[in-house]
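Following: one structure in structure tokens, then a few remarks.
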Amino acid sequence: MGTGLTVVAWVVGVLLTGAAALALVRVVRGPSSLDRLVAVDLVIAVAICSLAAFAGLSGNSTPIPAVLTLTLVGFVGSVSVARFRVRDRS
């Protein structure tokens, strides 16, 4: 990996770590369950981006199935919680 690519890797890593840290603060502090749901979705999105960045920067396609799995789990989880939340309001 060249020097420019190393700088990009560090910048991406710092930004993704910052996003994950802020999302985890929102998971802990709340205040509502929907805020926590959005924060958990953000943590999953950061994990997906981290795996995709690793795959892109290293040229290794091994993490791609994990990216697809996390995407599916995040989508199904969000839809399930939203559906139950709507049902509770009716």
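The values are calculated or read from the model by the stated rules, or taken from the named source; none is laboratory data. Just so it is clear, the model here is predicted, and its values are computed rather than measured. Here the Cβ is made from the backbone with ideal geometry for all residues, glycine too, and neighbour counts use every protein chain on show. Remember, those area values only see protein heavy atoms, side chains included, never the ligands or the DNA or RNA. Shrake-Rupley method; radii C 1.70, N 1.55, O 1.52, S 1.80 Å.
Values computed for the structure shown
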| item | result |
| --- | --- |
| The stretch 48-68 - residue that is surrounded by 13 or more Cβ atoms within 10 Å (Cβ to Cβ) and more than 14 Å from residue 12 (Cβ to Cβ) and, of those, nearest to the chain's Cα centre (by Cα) | 67 |
| Test: residue in the stretch 19-37 that is of a type in the set (A, V, I, L, M), open to solvent by less than 90 Å² (accessible area, probe 1.4 Å) and in contact with a Pro (Cβ under 7 Å, 6 or more places away or on another chain) | no |
| Which numbered condition residue 78 misses (of (1) assigned to a helix (DSSP H, G or I); (2) at pLDDT 90 or above; (3) of a type in the set (Ser, Thr, Tyr)) | (2) |
| Meets criteria (within 15 Å of the chain's Cα centre (by Cα) and crowded, with 16+ Cβ neighbours inside 10 Å) for residue 45 | yes |
| Residue that is nearest to the chain's Cα centre (by Cα), among those in the stretch 70-90 that are surrounded by fewer than 12 Cβ atoms within 10 Å (Cβ to Cβ) and of a type in the set (S, T, N, Q) | 80 |
